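Trainee: Input: one structure, supplied below.
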Ligand code: SF4
């Protein structure tokens with residue numbers, strides 16, 4: 001069947017950089033090397049790192065993961081860590097390597113600056129995701145996490161200077177809805193939208209180019225925030241069916257029934273080789289597709 005390869009898609013500069021740092025440290029270090037959580041949210045990439053002697057240690061949050069590591073080198077992932085995690089790693093005598101994406105570091109610096117200037121901050125992000133955990137550690141008691149418009153309605157921001165900023169991988173459109181609601185409730189709130197350029201470009205391309213397709217396959221891990229936002233964006237903003245798969249083997253032919261053109265995009269941490277396999281699988285399907 002006909003495949004439309006949506007561009008841009010796939011690896012972003014933050015993922016490429018984190019993987020390069022981690023592999024180089026794993027290959028050149030005597031003694032154990034640990035990734036503090038998943039270096040990027042993609043199991044194929046984690047397997048790849050293991051071949052370069054980087055063991056991934058996972059857990060509910062970065063401080064708890066750190067308590068499982070007693071010696072050696074620890075690598076902070078592209079999502080960044082809180083100052084508390086950084087301090088604890090050094091207290092434990094670990095060698096620390098920081099692979100935080102520069103775009104995430106910029107948000108940390110912004111939050112530190114806003115706190116120093118006395119702001120209360122609303123942070124639009126995902127509950128339980130490591131990036132908000134790291135950013136929010138810069139402003140205990142002064143930063144409030146919201147994920148939905150409904151959560152804005154529950155907020156009770158203290159009087160004073162107020163600002164809103166964002167996780168780098170949020171949906172452009174949902175974030176704007178949340179910001180609009182915040183402005184209704186707090187007209188003087190200052191807006192610092194930190195959705196990264198890579199995320200913006202990939203979401204915009206997916207929505208625009210989904211209009212040329214009957215259905216869209218998004219390749220990426222179920223834990224990858226930017227992958228899941230691509231699925232949401234295609235469904236909600238382009239009005240086209242979209243399905244996330246981790247590999248070609250997860251594609252169900254009933255999704256493609258009646259479709260002439262299938263779009264393919266992928267998350268920022270998806271291995272290019274896996275996406276190529278998905279494209280090859282789809283191109284080999286008959287047109288029209290028969291369900292198996
Ligand atoms: S999605 Fe954006 S913020 Fe996250 S690693 Fe990639 S470039 Fe950095």
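Trainee: Taking each pair of distinct Cα atoms in segment 161-206 once, what is the resulting Kirkwood hydrodynamic radius in Å?
Mentor: The Cα-based Kirkwood calculation yields 11.1 Å.
Trainee: Which length gain, in nm to one decimal place, applies between residue 157 and residue 281 when the Cα-Cα distance is subtracted from 0.36 nm times their residue separation?
Mentor: In short, 39.5 nm is gained.
Trainee: Report, to two decimal places, the Cα Rg of the chain normalised by 2.2 N^0.38 Å (N = number of residues).
Mentor: Values: Rg = 20.4 Å, N = 292, 2.2 N^0.38 = 19.0 Å.
The chain yields a ratio of 1.07.
Trainee: Also, I was wondering about something else. Over the chain, what is the relative contact order in whole percent, taking alpha-carbon pairs under 8 Å and six or more residues apart?
Mentor: It rounds to 22 percent for the chain.
Trainee: Can you tell which of 253, 227, 148 shows the greatest fluctuation in a Gaussian network model of the chain with Cα springs below 10 Å?
Mentor: 253
Trainee: Would you please calculate the Kirkwood hydrodynamic radius of segment 103-195 over all C-alpha pairs and express it in Å, rounded to one decimal? Please report the intermediate quantities before stating the final value.
Mentor: Details: mean 1/r = 0.0775 Å⁻¹.
For segment 103-195, inverting the mean 1/r across all distinct Cα pairs yields 12.9 Å.
Trainee: Here is a follow-up. Relative contact order for segment 208-292: what percent, with Cα pairs under 8 Å and sequence separation of 6 or more? Walk me through the intermediate numbers first.
Mentor: Numbers: 139 pairs, mean separation 32.1, N = 85.
It comes to 38 percent, rounded to a whole number.
Trainee: Hull surface divided by four, with the convex hull built on the Cα atoms of segment 185-224: how many nm²? Don't jump to the answer; show the numbers that get you there.
Mentor: Values: hull surface 20.4 nm².
That works out to 5.1 nm².
Trainee: Counting other beta carbons within 10 Å of each residue's own, what order do 212, 145 fall into, fewest first? It would help to have the intermediate numbers written out before the result.
Mentor: Details: 212 12, 145 18.
With the sparsest Cβ surroundings first, the list reads 212, 145.
Trainee: Evaluate segment 17-65: find the radius of gyration of its Cα atoms, find its Kirkwood radius, and give the ratio Rg to Rh.
Mentor: 0.95
Trainee: Per the helix-only calculation at 222 nm, which mean residue ellipticity applies to the chain, given -39500 (n - 2.57) for every DSSP H run of n ≥ 4 and division by its residues, nearest 500 deg cm²/dmol? Don't skip to the answer; put the middle values down first.
Mentor: Working: 11 runs with 120 residues, N = 292.
Estimated from H runs of four or more residues: -12500 deg cm²/dmol.
Trainee: On to the next question. Between the alpha-carbon centers of segment 3-66 and segment 89-167, tell me the distance in whole angstrom.
Mentor: Going from one Cα centre to the other spans 23 Å.
Trainee: Under the √(5λ) rule applied to the eigenvalues of the Cα gyration tensor, what semi-axes describe the equivalent ellipsoid of segment 199-242? Give them in Å, descending. Intermediate values should be presented prior to the final figure.
Mentor: Numbers: eigenvalues 51, 25, 13 Å².
Taking √(5λ) for each Cα gyration eigenvalue gives 16, 11, 8 Å.
Trainee: Among 168, 270, 29, which one moves the most in a GNM of the chain with springs linking Cα atoms closer than 10 Å?
Mentor: Comparing 168, 270, 29 in the GNM, the peak value goes to 29.
Trainee: In a solvent-free Debye calculation with one equal scatterer on each Cα, what is log10 I(q)/I(0) for segment 70-152 at q = 0.13 Å⁻¹, listed in the order of the q values?
Mentor: For the requested q values the scattering log ratios are -0.44.
Trainee: Further question: Give the value in nm², to one decimal: projected area of the alpha carbon convex hull of segment 13-101, averaged over all directions.
Mentor: Across all orientations, segment 13-101 yields a mean hull projection of 5.0 nm².
Trainee: Find the eigenvalues of the gyration tensor of the Cα atoms of segment 136-292, then list the square roots of 5 times those eigenvalues as equivalent ellipsoid semi-axes, largest first, in whole angstrom.
Mentor: 38, 15, 12
Just so you know, all these numbers are worked out from the coordinates, no wet-lab data involved. From a predicted model like this one, the values you see are computed outputs, not experimental measurements. In this analysis, Cβ positions are derived from the backbone assuming ideal geometry, glycine residues included, and neighbour counts consider all displayed protein chains.
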